[in-house]
Amino acid sequence: MAVIERLAEIHNGHRRLLSLVDGSELAEPSALPGWSRLHVVVHLANLAAAFTRQAEYALAGRTIEVYDGGATGRAAAIEAGATRPAEEAVRGLVAATEELERVWGTVGEADWARPVSYRQGDLAGTVLAYWRELEVHTADLDLGYRTADWPEHLCSHLQVFLAGRLPEGVELTGSVQERAAQLAGRAPCPVDLGPWP
(Lines give C-alpha, C1' and ligand atoms only; values in the text may rest on other atoms or scores of the structure.)
Protein backbone atom coordinates (compact mmCIF):
# COMPACT_ATOMS: atom_id res chain seq x y z
CA MET A 1 0.00 0.00 0.00
CA ALA A 2 1.25 3.44 -0.85
CA VAL A 3 0.47 5.17 2.44
CA ILE A 4 1.33 8.64 1.12
CA GLU A 5 -1.16 8.25 -1.74
CA ARG A 6 -3.90 7.16 0.66
CA LEU A 7 -3.14 10.10 2.97
CA ALA A 8 -3.57 12.50 0.06
CA GLU A 9 -6.88 10.87 -0.85
CA ILE A 10 -8.04 11.04 2.75
CA HIS A 11 -7.20 14.76 2.84
CA ASN A 12 -9.28 15.30 -0.29
CA GLY A 13 -12.02 13.10 1.13
CA HIS A 14 -12.14 15.22 4.27
CA ARG A 15 -12.57 18.37 2.19
CA ARG A 16 -15.40 16.71 0.26
CA LEU A 17 -17.07 15.43 3.42
CA LEU A 18 -16.96 18.78 5.20
CA SER A 19 -18.27 20.57 2.13
CA LEU A 20 -21.22 18.16 1.94
CA VAL A 21 -22.24 18.42 5.59
CA ASP A 22 -21.82 22.19 5.82
CA GLY A 23 -25.32 23.65 6.06
CA SER A 24 -27.03 20.31 5.33
CA GLU A 25 -30.03 18.90 7.20
CA LEU A 26 -28.17 16.36 9.29
CA ALA A 27 -31.24 15.25 11.24
CA GLU A 28 -32.59 13.71 8.03
CA PRO A 29 -32.19 9.95 7.46
CA SER A 30 -28.98 8.70 5.91
CA ALA A 31 -28.84 5.79 3.48
CA LEU A 32 -28.06 3.52 6.46
CA PRO A 33 -31.16 2.01 8.06
CA GLY A 34 -31.75 3.47 11.51
CA TRP A 35 -29.07 6.13 11.21
CA SER A 36 -29.54 9.82 10.55
CA ARG A 37 -26.88 11.80 8.74
CA LEU A 38 -25.88 13.04 12.18
CA HIS A 39 -25.14 9.45 13.26
CA VAL A 40 -22.79 9.13 10.26
CA VAL A 41 -21.04 12.42 11.08
CA VAL A 42 -20.55 11.40 14.71
CA HIS A 43 -19.28 7.95 13.72
CA LEU A 44 -16.68 9.41 11.36
CA ALA A 45 -15.56 11.95 13.97
CA ASN A 46 -15.25 9.22 16.60
CA LEU A 47 -13.38 6.96 14.19
CA ALA A 48 -10.93 9.74 13.34
CA ALA A 49 -10.34 10.30 17.06
CA ALA A 50 -9.93 6.55 17.63
CA PHE A 51 -7.33 6.22 14.89
CA THR A 52 -5.55 9.32 16.15
CA ARG A 53 -5.23 7.54 19.49
CA GLN A 54 -4.02 4.36 17.78
CA ALA A 55 -1.27 6.39 16.11
CA GLU A 56 -0.26 8.29 19.25
CA TYR A 57 0.08 5.10 21.26
CA ALA A 58 1.87 3.27 18.45
CA LEU A 59 4.42 6.07 18.19
CA ALA A 60 4.98 5.76 21.94
CA GLY A 61 5.58 2.02 21.55
CA ARG A 62 2.27 1.02 23.14
CA THR A 63 -1.14 -0.24 22.05
CA ILE A 64 -4.63 0.62 23.24
CA GLU A 65 -8.11 -0.60 22.35
CA VAL A 66 -9.74 1.25 19.48
CA TYR A 67 -12.75 2.46 21.49
CA ASP A 68 -13.19 2.79 25.23
CA GLY A 69 -15.61 0.06 26.17
CA GLY A 70 -15.13 -1.85 22.91
CA ALA A 71 -18.05 -2.30 20.51
CA THR A 72 -20.60 -1.43 23.20
CA GLY A 73 -18.79 1.79 24.02
CA ARG A 74 -18.54 2.64 20.33
CA ALA A 75 -22.29 2.24 19.80
CA ALA A 76 -23.15 4.22 22.93
CA ALA A 77 -20.86 7.08 21.92
CA ILE A 78 -22.49 7.29 18.48
CA GLU A 79 -26.00 7.38 19.94
CA ALA A 80 -25.02 9.99 22.51
CA GLY A 81 -23.29 12.13 19.91
CA ALA A 82 -26.27 11.97 17.58
CA THR A 83 -28.38 13.83 20.16
CA ARG A 84 -26.14 16.91 20.01
CA PRO A 85 -26.90 19.95 17.87
CA ALA A 86 -25.71 19.47 14.28
CA GLU A 87 -23.40 22.49 14.45
CA GLU A 88 -21.62 21.01 17.45
CA ALA A 89 -21.24 17.64 15.74
CA VAL A 90 -19.78 19.25 12.62
CA ARG A 91 -17.29 21.22 14.73
CA GLY A 92 -16.30 17.94 16.34
CA LEU A 93 -15.84 16.38 12.92
CA VAL A 94 -13.64 19.25 11.75
CA ALA A 95 -11.48 19.05 14.88
CA ALA A 96 -11.17 15.25 14.74
CA THR A 97 -10.23 15.09 11.05
CA GLU A 98 -7.70 17.90 11.41
CA GLU A 99 -6.08 16.20 14.39
CA LEU A 100 -5.92 12.85 12.59
CA GLU A 101 -4.18 14.43 9.61
CA ARG A 102 -1.81 16.30 11.93
CA VAL A 103 -0.78 13.18 13.85
CA TRP A 104 -0.43 11.05 10.73
CA GLY A 105 1.74 13.82 9.31
CA THR A 106 4.27 13.19 12.09
CA VAL A 107 4.66 9.47 11.32
CA GLY A 108 8.02 8.50 9.85
CA GLU A 109 8.29 5.97 7.03
CA ALA A 110 9.48 3.15 9.27
CA ASP A 111 6.82 3.91 11.89
CA TRP A 112 3.94 2.78 9.67
CA ALA A 113 4.93 -0.78 10.56
CA ARG A 114 4.42 -0.20 14.29
CA PRO A 115 1.81 -2.51 15.84
CA VAL A 116 -1.67 -1.32 16.81
CA SER A 117 -4.57 -3.08 18.48
CA TYR A 118 -6.87 -2.42 15.50
CA ARG A 119 -7.23 -5.89 13.91
CA GLN A 120 -3.91 -6.71 15.60
CA GLY A 121 -2.28 -5.03 12.61
CA ASP A 122 0.03 -2.14 11.96
CA LEU A 123 -0.35 1.61 11.73
CA ALA A 124 -0.43 1.52 7.93
CA GLY A 125 -3.49 -0.71 8.14
CA THR A 126 -5.42 1.97 10.02
CA VAL A 127 -4.89 4.35 7.10
CA LEU A 128 -6.36 1.82 4.69
CA ALA A 129 -9.28 1.12 7.03
CA TYR A 130 -10.03 4.79 7.52
CA TRP A 131 -9.91 5.40 3.76
CA ARG A 132 -12.53 2.69 3.28
CA GLU A 133 -14.75 4.03 6.04
CA LEU A 134 -14.47 7.62 4.88
CA GLU A 135 -15.45 6.83 1.30
CA VAL A 136 -18.24 4.41 2.16
CA HIS A 137 -19.82 6.61 4.82
CA THR A 138 -19.56 9.78 2.76
CA ALA A 139 -21.80 8.02 0.24
CA ASP A 140 -24.07 6.91 3.10
CA LEU A 141 -24.83 10.56 3.89
CA ASP A 142 -26.95 10.71 0.72
CA LEU A 143 -25.84 14.26 0.01
CA GLY A 144 -24.77 13.86 -3.61
CA TYR A 145 -21.66 11.68 -3.37
CA ARG A 146 -22.69 8.23 -4.60
CA THR A 147 -21.19 4.78 -4.76
CA ALA A 148 -21.00 5.37 -8.52
CA ASP A 149 -18.49 8.13 -7.70
CA TRP A 150 -16.11 5.82 -5.87
CA PRO A 151 -12.72 5.68 -7.61
CA GLU A 152 -11.94 2.41 -9.36
CA HIS A 153 -8.91 1.60 -7.21
CA LEU A 154 -11.05 1.93 -4.06
CA CYS A 155 -13.64 -0.40 -5.60
CA SER A 156 -10.97 -2.92 -6.53
CA HIS A 157 -9.68 -2.78 -2.96
CA LEU A 158 -13.19 -3.18 -1.53
CA GLN A 159 -13.79 -6.25 -3.69
CA VAL A 160 -10.66 -7.91 -2.33
CA PHE A 161 -11.32 -6.85 1.27
CA LEU A 162 -14.98 -7.91 1.18
CA ALA A 163 -14.63 -11.01 -1.00
CA GLY A 164 -15.23 -13.27 1.99
CA ARG A 165 -18.80 -11.98 2.26
CA LEU A 166 -19.73 -13.89 -0.91
CA PRO A 167 -20.73 -17.56 -0.83
CA GLU A 168 -18.05 -19.78 -2.36
CA GLY A 169 -18.16 -19.87 -6.14
CA VAL A 170 -20.41 -16.82 -6.52
CA GLU A 171 -19.30 -13.92 -8.71
CA LEU A 172 -21.03 -10.58 -9.07
CA THR A 173 -21.63 -8.77 -12.34
CA GLY A 174 -21.76 -5.10 -13.29
CA SER A 175 -19.29 -2.24 -13.16
CA VAL A 176 -16.51 -2.20 -10.59
CA GLN A 177 -18.50 0.40 -8.63
CA GLU A 178 -21.66 -1.71 -8.76
CA ARG A 179 -19.86 -4.82 -7.55
CA ALA A 180 -18.15 -2.92 -4.73
CA ALA A 181 -21.44 -1.32 -3.67
CA GLN A 182 -23.13 -4.73 -3.56
CA LEU A 183 -20.34 -6.25 -1.47
CA ALA A 184 -20.44 -3.25 0.87
CA GLY A 185 -24.18 -3.66 1.31
CA ARG A 186 -24.86 -0.34 -0.38
CA ALA A 187 -26.75 -1.79 -3.36
CA PRO A 188 -29.11 -4.74 -3.76
CA CYS A 189 -27.14 -7.98 -3.96
CA PRO A 190 -28.44 -11.14 -5.68
CA VAL A 191 -27.13 -13.35 -2.85
CA ASP A 192 -27.09 -13.22 0.94
CA LEU A 193 -23.82 -11.75 2.15
CA GLY A 194 -21.76 -12.87 5.08
CA PRO A 195 -20.67 -10.47 7.85
CA TRP A 196 -18.32 -7.55 7.32
CA PRO A 197 -14.79 -8.85 7.93
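The values are calculated or read from the model by the stated rules, or taken from the named source; none is laboratory data. Note that this is a predicted model, so its numbers are computed, not measured. Here Cβ is always computed from backbone atoms with ideal geometry, including for glycine, and neighbour counts include all displayed protein chains.
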Quiz item: Considering the stretch 60-99 alone, what residues qualify as being without any contact (Cβ under 8 Å) to a residue 60 or more places away in the chain, in a helix (DSSP H, G or I) and in contact with a helix residue (DSSP H, G or I) (Cβ under 6 Å, 6 or more places away or on another chain)?
Solution: Ala77, Ile78, Gly81, Gly92, Ala96, Glu99
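In the stretch 90-116, which residues are among the aliphatic types (A, V, I, L, M) and touching a Leu at 6+ places or on another chain (Cβ under 6 Å)?
Correct list: Val116 only.
Going by the structure shown, is Arg146 in contact with a Ser or Thr (Cβ under 9 Å, 6 or more places away or on another chain), modelled with pLDDT of 95 or more and among the charged types (D, E, K, R)? Steps first, please.
Values: in contact with a Ser or Thr (Cβ under 9 Å, 6 or more places away or on another chain): no; modelled with pLDDT of 95 or more: yes; among the charged types (D, E, K, R): yes.
Judged against the criteria, Arg146 is not a match.
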Quiz item: Looking at the stretch 129-144, which of its residues are in a loop (DSSP other than H, G, I, E, B) and either of a type in the set (D, E, K, R) or surrounded by fewer than 19 Cβ atoms within 10 Å (Cβ to Cβ) (or both)?
Solution: Asp142, Gly144
Quiz item: Does Val176 satisfy the criteria of being in contact with an Asp or Glu (Cβ under 6 Å, 6 or more places away or on another chain), more than 27 Å from Glu28 (Cα to Cα), touching a residue at least 12 places away in the same chain (Cβ under 8 Å) and surrounded by fewer than 20 Cβ atoms within 10 Å (Cβ to Cβ)?
Solution: yes
Quiz item: Could you say whether any residue in the stretch 107-126 is under 29 Å from Ser24 (Cα atoms) and among the small types (Gly, Ala, Ser)?
Solution: no
Quiz prompt | Unique match (being at pLDDT 95 or above, surrounded by 13 or more Cβ atoms within 10 Å (Cβ to Cβ) and farther than 15 Å from Ala50 by Cα) among Ala86, Ala113 | solution = Ala86
Exercise. Please specify each residue of the stretch 29-59 satisfying the condition of being touching an Asp or Glu at 6+ places or on another chain (Cβ under 7 Å), in a loop (DSSP other than H, G, I, E, B) and either of a type outside the set (A, V, I, L, M) or at pLDDT below 95 (or both).
Key: Ser30
Self-check item: Members of the stretch 152-174 found to be closer than 26 Å to Glu5 by Cα and in contact with a helix residue (DSSP H, G or I) (Cβ under 8 Å, 6 or more places away or on another chain), listed by number
Solution: Glu152, Leu154, Cys155, Ser156, His157, Leu158, Gln159, Phe161, Leu162, Ala163
Quiz item: Considering the stretch 150-170 alone, what residues qualify as being part of a helix (DSSP H, G or I) and either buried (at least 19 other Cβ atoms within 10 Å of the Cβ) or touching a residue at least 12 places away in the same chain (Cβ under 8 Å) (or both)?
Solution: Glu152, Leu154, Cys155, Ser156, His157, Leu158, Gln159, Phe161, Ala163, Gly164, Arg165
